[in-house]
Every structure is written in C-alpha cells, then in structure tokens.
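Only one structure is covered here, and it is reproduced in the block below.
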Amino acid sequence: MNNFKWSTESFNDKPINIVLFVSRNKDNKDVPNFVERRKSFITTKDVFDDADLFQEFTNFMKEGVYGEMSRMYVSVNSRDGQKIHKQLIHFLIDNPDFNLCSIQSKLAGIAAQKECAKEKKWLFDFDIENYSKAIEFTKDIKNIEPDINVVFYCTPNGYAIVTNRGFDTRKLFEKWTDNVTLKRDAMLCAEWGTNLGFM
C-alpha cells in the first residue's frame, strides 16, 4: 500500500495566489470553432518564475483550436489560507452533494472573495500602449504618495500598474481621465499566447 503518498501538508508561509487560465470570446471573435474555456485554482508556486506553472499554461493554450488566444491571470493580492480553509469547510457541510471533482475551481472561487485577501494592493488597468505614458503615470502616483511602492507590467492592451496600498486618487484622475481603470482586488494578466499549432 505504499504506491500512493497522499499529501497531508499544512499551510506554510508561502503566499497563496489564485490562477486563472482562460480563453475568452472577446479575444477570439473571428476564430472558427472557438469555444470559451477556463481553468482556475490556487497555488503557492511563484507565479512569475515557476517552469511547471508556465508549462501548465502552455498545455492549456495548446488544447485550444488553431488561432485561439489564451490568457493567464494571477491575483494581485495573496490570499489568507486559514480563511479559505474555514470557508471551504462551511461550504462542504452546507453542500454535501457537491461534486468534489470541481474542488479546485471552488477553492479559487472562495479565495477570490475580498475577505480572503491578505494584502491591500491596487491595480490600475492602463489601456494605453505607450511606455512613456506608463512611466509618466507611475511618476504621478509617486508625486502624490512618495513612499508608495509602484510596479508595472506589460499586458496585451497596455500596462497594469500595481501599488502596494491604496491612496487618494482624486488628483490622479483629474489628469488621467481616459483608458485608466482602478481595480482594488484584481487579477493581473501575467501571460498570454496564441495556439499556432507548432508549440
């Protein structure tokens, strides 16, 4: 009976994040035989530096039809493992007929609830494909809040600009009125790609 080693690993200090693989109708309007797909789960893997995770996304992408674009989203804020655990137990007690084969996506759904967020990062969806403008926006944030940490990432339609906490945005949005949206507990588009049949 030693053929299987079932995991009894406890929560540790590694951050827990939500990961979503998705191919959206919005990205694939002109792709023949396209059917929207999604896969969600939680992980303690480093979402920006884990080869297995990126291979998993590549496999998801390759499962699509030719020409289909897929995205990998990652929660900006890490999640609280104990709160997820507690809410999962309550859910399973209240729903004894729940299909356990769907446990991964259910865990992701529970983790996505705002009360399970362990951090208070904000994401600005900066839909302007101009590097200089993204730098200017970042500097404007620092001028308002000099001690705030700001990181920005490339996205399919521009940039995602992430701050480590919230701040008064009124002055910022007096200047940046178009193509910038604030999302307080968001998912970051960390990777994307198209199935071209030769990967």
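No value in this document is a laboratory result; all are computed from the given coordinates. This is a predicted model, so every value here is computed, not measured. Note that each Cβ is placed from the backbone with ideal geometry, even for glycine, and that neighbours are counted across all protein chains shown.
Things worth noting here:
- Summing charges over all other residues whose Cβ lies under 14 Å from the Cβ of LEU92, with Lys and Arg as +1 and Asp and Glu as -1, gives 0.
- Only lysines eight or more places from LYS120 in sequence, or on another chain, were considered; those with a Cα closer than 22 Å are LYS14, LYS45, LYS83, LYS86, LYS139, LYS142, LYS171, LYS183.
- Computed about the Cα centre, the dipole magnitude for region 122-185 is approximately 140 debye when only Lys and Arg (+1) and Asp and Glu (-1) carry charge, each at its Cβ.
- Positive-end residue, region 1-147 charge dipole about Cα centroid, Cβ charges, pick of THR58, ILE128, ALA108: ALA108
- Electrostatic bookkeeping for ASN157 treats Lys and Arg as +1 and Asp and Glu as -1; over the other residues with beta carbon under 10 Å from its beta carbon, the sum is -3.
- Net charge contributed by nearby residues that have their C-beta within less than 15 Å of VAL180 (K/R +1, D/E -1): 0
- Efficiency of FRET from Cβ geometry, THR58 and ASP97, R₀ 30 Å, rounded to 0.05: 0.30
- Two-site FRET efficiency, GLN82 against THR177, from Cβ-Cβ distance with R₀ of 45 Å, rounded to 0.05: 0.65
- Choice from CYS101, CYS116, CYS154 showing the highest fluctuation, given a GNM over the chain with Cα pairs closer than 10 Å: CYS101
- Lys, Arg +1 and Asp, Glu -1 on Cβ, resulting dipole of the chain about Cα centre, debye, nearest 20: 340
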